[in-house]
Amino acid sequence: MKTKVFFLVCMLLLAGSQGMQSQSGSLPVVDVSKNYPLEKLNLQDMASVEYVPLETTDDILLSGNAALSAVGDKYILVHEFQLGDIYLFDRHTGKLKSHFNHKGGSGMEYTWIKNGTILDEKAEEIYVCSQFIQVYSLEGKYKRTLKINCFDHDMSIFNYDDQSLLIYDDIIIEPRREKETTHTPYRFISKKDGSPMGTLDIYFPQRVPLAIAQQEGNMWRPYKFSYPSNARFGDDLMLMNVSSDTLYKLSPQKRLTPIFTRTPSVYASKLRNIWMPLLTTDKFMLFGTFVIDFNSTGGKIPKFMYDFKTGQVKRVSIIDHELNYGIRGPREWDSGSGTAIAKNMSAEFVSAPAMLEAYQKKRLKGNGNEVAKNLLEDDNQVVRILTFK
């Protein structure tokens, strides 16, 4: 499969949103075509930092493909997409709490982890999103299967509340099935049995594809840009997808609030200029823009900061003075991740060699020096947790 991977997020729109907007008055408008002056910011001035080293033994070795799924109050959840391993670490010490791998073909197993994993600390359950959604205890004991066909087409799955998961259905690109693409892509399903529990009243008259079907004789394969289409903001969800001109916040009480909208519309040009949120805090949102062109090799994504209090927008480059160094000095921070974590926080993996290099150069903040002095080059990744001020 040819895949262009960009760590994108996106932003939102809607026709069918006029009723919501009228309830809140006129929305702030962000001009994404404006040439804003660039302002360089220091990541370490914006956030405090904590490091959690993940335990390393002969039986606990994470590959470079390991994904940091969630950082909760008690636990850190990590999974390996293809290998099928699930690791649960202590949130504060990094010590392993449990490890299981139920990769297989039985009704209680999964083939590979296509759409990630979900940690439900309150119910003490782990959801593995493969062909179906398999639910296990924190120790890996099989509990039930939610028969949602996750292999049918791309989707994103989120822990929503005590009773339900939220699913975002992407565009169907399979030849002769394109018309099956839904115009109301947000739906709730039961955590108990996978039964439908309603949809969000968000309607898209058009949807922007981030993938195309490439024909090869009688066969086809997807050629796509990969991106996280929606993002958590603590207990809230920021509903973001590339078909959208408006950003919405969804509360745990199913209250849908439009936050701001963009101009020009994503539909203003033939090559869709999408936007993608990268990080949300109480004070600001970071977002980027990107032109979807399947004949292009990509390029740098400009980043913007929207101030919730003032409504001001500026173009920013957030420099990481701890870890992201090149030959010419500190480089730009990658700006967020798809990790589920508490409000005003962000979490990411840092390799042991990167930690050791920063330790030797005396650049680490928080408890970084204490963690790094006990690391070895081939140790597992360290989790860096940023708390924004």
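The values are calculated or read from the model by the stated rules, or taken from the named source; none is laboratory data. A quick note: this is a predicted structure, and the numbers were derived from the prediction, not measured. Cβ atoms come from the backbone with ideal geometry, glycine included; neighbour counts cover every protein chain shown. Just the protein is used for accessible areas: all its heavy atoms, side chains included, with ligands, DNA and RNA removed. Shrake-Rupley method; radii C 1.70, N 1.55, O 1.52, S 1.80 Å.
The radius of gyration of the Cα set in the stretch 265-382, together with its Dmax, comes out at 17.6, 54 angstrom. Relative to its residue count, the stretch 276-336 spans a Cα convex hull of 109 Å³ per residue.
Solvent-accessible surface of the stretch 76-205, taken per residue with a 1.4 Å probe and all protein chains present: 46 Å².
Were the residues from residue 255 through residue 220 laid out at 0.36 nm apart, the gain over their Cα-Cα distance would be 8.6 nm. Were the residues from residue 97 through residue 60 laid out at 0.36 nm apart, the gain over their Cα-Cα distance would be 12.2 nm.
Using a simple spin-label model with pseudo-atoms 7 Å out from Cα toward Cβ, residue 82 and residue 184 lie 4.0 nm apart.
Identify the residues of the stretch 284-322 with backbone N under 14 Å of a label point that sits 7 angstrom from the Cα of residue 331 along the Cα-to-Cβ direction, or state none. Backbone N within reach: 300-301, 318-322. Projecting the Cα atoms of 160, 93, 195 onto the charge dipole of the stretch 90-233 (Cβ charges, centred on the Cα centre) puts 93 farthest toward the positive pole.
Distance between Cα centroids, the stretch 137-202 to the stretch 56-80: provide it in whole Å. Cα centroid of the stretch 137-202 versus Cα centroid of the stretch 56-80: 24 Å apart.
Comparing mean-square fluctuations of 106, 335, 98 from a GNM of the chain with C-alpha springs under 10 Å, the top value falls on 106. Looking at the stretch 161-223, the trypsin sites (Lys or Arg not before Pro) that sit in a DSSP loop and have at most 13 other Cβ atoms within 10 Å of their own Cβ are 176, 177, 192. For the chain, a crude dipole built from +1 on the beta carbon of Lys and Arg and -1 on the beta carbon of Asp and Glu, taken about the Cα centre, is about 1100 debye to the nearest 20. Among the trypsin sites (Lys or Arg not before Pro) in the stretch 213-271, those placed in a DSSP loop whose Cβ has at most 11 other Cβ atoms within 10 Å are 255, 270. Sequence-distant contacts, meaning Cα pairs under 8 Å at least 6 residues apart, place the relative contact order of the chain at 22 percent.
Here the scattering of the chain is modelled by Debye summation over its C-alpha atoms, one equal scatterer each and no solvent; at q = 0.06, 0.08, 0.12 Å⁻¹ the log10 of I(q)/I(0) is -0.24, -0.43, -1.01. Just checking the listed ones, 246, 263, 117: in the Gaussian network model of the chain with Cα springs under 10 Å, the one fluctuating most is 263. Compute the Rg to Rh ratio over the stretch 127-198 from the alpha carbon atoms, using the Kirkwood formula for Rh, and round to two decimal places. Taking Rh as the inverse mean 1/r over Cα pairs, Rg/Rh reads 1.01. In loop segments of the stretch 273-374 as defined by DSSP, the trypsin sites (Lys or Arg not before Pro) with at most 15 further C-beta atoms inside 10 Å of their C-beta are 283, 300, 309, 328, 343, 361, 362, 373. Accessible area per residue for the stretch 222-376 is 45 Å², calculated with a 1.4 Å probe on protein heavy atoms, without ligands, DNA or RNA.
Across the stretch 296-389, C-alpha contacts under 8 Å between residues 6 or more apart give a mean separation that, scaled by the residue count, equals a relative contact order of 23 percent.
Note on the stretch 93-240: with neighbouring protein chains present and a 1.4 Å probe, carbon and sulfur make up 50 percent of its accessible heavy-atom surface.
Going by the alpha-carbon gyration tensor, a ≥ b ≥ c the square roots of its eigenvalues, is the stretch 222-274 rounded (a/c under 1.5) or, if a/c is not under 1.5, prolate (a/b greater than b/c) versus oblate? Oblate is the answer for the stretch 222-274, as a/c is 1.5 or above yet b/c matches or exceeds a/b.
Rolling a 1.4 angstrom probe over the stretch 268-319 with all protein chains present gives an accessible area of which 50% lies on carbon and sulfur atoms. This model, with +1 at the C-beta of Lys and Arg and -1 at the C-beta of Asp and Glu, gives the stretch 109-198 a dipole about its Cα centre of some 260 debye. Comparing mean-square fluctuations of 142, 186, 51 from a GNM of the chain with C-alpha springs under 10 Å, the top value falls on 142.
Counting only DSSP H runs of at least 4 residues, each contributing -39500 (n - 2.57), and dividing by the residue count of the chain, the helix-based mean residue ellipticity at 222 nm comes to -1500 deg cm²/dmol.
Projecting the Cα atoms of 341, 244, 26 onto the dipole axis of the chain, where Lys and Arg carry +1 and Asp and Glu carry -1 at the beta carbon, places 26 farthest toward the positive end.
Pairs 40/373; 224/254; 179/254; 300/389; 97/122; 314/389: which are spaced more than 24 Å apart, C-alpha to C-alpha?
40/373; 224/254; 179/254; 300/389
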